[in-house]
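> Dropping a structure here in structure tokens format, bear with me for questions.
The values are calculated or read from the model by the stated rules, or taken from the named source; none is laboratory data. All values derive from a computational prediction rather than experimental measurement. Quick reminder, even Gly has a Cβ in these numbers, built from the backbone with ideal geometry, and neighbours come from all protein chains shown.
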Ligand code: CA
């Protein structure tokens with residue numbers, strides 16, 4: 001994704017929102033973590049390996065780094081060492097469960113916290129909050145921020161939306177789908193990817209995604225045959241087609 005901005009948030013988070021760099025080679029986990037952190041109001045950059053992480057780090061230093069240890073190429077441990085050579089940015093290891101000794105080694109390298117996989121993304125967000133509260137209390141200001149796209153306005157904090165003057169409320173799943181789709185306008189997201197983002201349990205089929213998207217469309221007043229928001233790409237998936245407004249709605253502004 002070379003042309004995307006380094007840090008992106010579907011709901012266009014406040015410029016002051018903390019920046020989180022997620023280093024994770026598993027695409028599904030990356031997307032899930034991105035969706036949850038973005039919904040929590042953080043700016044998120046993704047890196048699939050350590051080298052990419054270091055180049056993001058050099059270009060725009062994050063406020064916190066989430067590191068998977070088992071990475072292709074540069075290991076998570078080597079990445080942490082390289083970061084620690086130049087920065088005391090908080091580091092959260094989110095990686096497969098290991099022995100106590102290996103976990104202790106992670107802390108010795110300078111990690112601030114260690115969350116074993118598989119983890120609940122909600123817990124990951126809570127750990128991020130807790131670390132940032134500790135390390136930069138004045139700056140931990142991430143709040144889900146309302147955003148606008150075309151005729152739609154959404155407040156992720158309350159899941160309330162307004163479209164054409166009509167108001168309603170999204171379910172958490174619908175909100176995650178909406179954030180994922182609108183976060184990559186124009187990009188086709190396939191059902192597997194959307195399923196990973198939309199649900200935390202296993203056993204759901206990709207048909208579930210179609211049902212959630214249909215519900216979302218109904219709430220937004222979007223017509224599958226003539227959509228303004230969500231376009232169906234046969235045999236591929238869905239994409240967001242409404243323009244994103246440059247200036248989101250004001251709540252949360254001024255800090
Ligand atoms: Ca891995």
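> Scan the stretch 95-104 and give yes if some residue there is more than 21 Å from residue 197 (Cα to Cα), within 16 Å of the ligand (Cβ to nearest atom) and buried (at least 20 other Cβ atoms within 10 Å of the Cβ), otherwise no.
So far as the stretch 95-104 goes, no, none of its residues is more than 21 Å from residue 197 (Cα to Cα), within 16 Å of the ligand (Cβ to nearest atom) and buried (at least 20 other Cβ atoms within 10 Å of the Cβ).
> Of all residues in the stretch 92-105, count the ones that are assigned to a helix (DSSP H, G or I) and either at pLDDT 90 or above or more than 26 Å from the chain's Cα centre (by Cα) (or both).
Keep residues of the stretch 92-105 that are assigned to a helix (DSSP H, G or I), which gives 100-105.
Filter once more, keeping what is either at pLDDT 90 or above or more than 26 Å from the chain's Cα centre (by Cα) (or both): 100-102, 104-105.
Residues meeting the conditions: 5.
> Going through 33, 65, 44, 89 one at a time, which residue ends up being touching a strand residue (DSSP E or B) at 6+ places or on another chain (Cβ under 8 Å), in the same structural domain as residue 115 (by TED's automatic domain parsing) and assigned to a helix (DSSP H, G or I)? Spell out how you get there, then give the answer.
Working: 65 fails: assigned to a helix (DSSP H, G or I); 44 fails: assigned to a helix (DSSP H, G or I); 89 fails: assigned to a helix (DSSP H, G or I).
None of the other options fit; the residue is 33.
> Just to verify a result, which residue in the stretch 58-70, among those that are within 16 Å of the ligand (Cβ to nearest atom) and closer than 12 Å to residue 22 by Cβ, is surrounded by the fewest Cβ atoms within 10 Å (Cβ to Cβ)?
Filtering the stretch 58-70 for residues within 16 Å of the ligand (Cβ to nearest atom) gives 65-70.
Now restrict to residues that are closer than 12 Å to residue 22 by Cβ: 65-68.
On the way: 65: 27, 66: 27, 67: 27, 68: 25.
Taking the candidates together, the pick is 68.
> Scan (1) more than 16 Å from the ligand (Cβ to nearest atom); (2) at pLDDT below 85; (3) farther than 17 Å from residue 44 by Cβ; (4) surrounded by 16 or more Cβ atoms within 10 Å (Cβ to Cβ) for the single condition residue 134 breaks and write down its number.
The single condition residue 134 does not satisfy is (4).
Residue by residue, here is whether (1) touching a residue at least 40 places away in the same chain (Cβ under 8 Å); (2) in contact with a helix residue (DSSP H, G or I) (Cβ under 6 Å, 6 or more places away or on another chain); (3) at negative phi holds:
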| residue | (1), (2), (3) |
| --- | --- |
| 58 | no, no, yes |
| 62 | yes, no, yes |
| 79 | yes, yes, yes |
| 85 | no, no, yes |
| 89 | no, no, yes |
| 93 | no, yes, yes |
| 99 | no, no, yes |
| 102 | no, no, yes |
| 105 | no, no, yes |
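> Another question, then. Only one residue in 167, 174 is outside the structural domain of residue 122 (by TED's automatic domain parsing) and at pLDDT below 90, so which one is that?
Values: 167 fails: at pLDDT below 90.
Only one candidate passes the filter, namely 174.
> Among the residues of the stretch 23-45, which ones are within 16 Å of the ligand (Cβ to nearest atom) and under 9 Å from the mean Cα position of the chain (by Cα)? Explain how you work it out, then say what you get.
Residues of the stretch 23-45 that are within 16 Å of the ligand (Cβ to nearest atom), as a first pass: 23-34.
Of everything in the stretch 23-45, those that are within 16 Å of the ligand (Cβ to nearest atom) and under 9 Å from the mean Cα position of the chain (by Cα) turn out to be 30, 31, 32, 33, 34.
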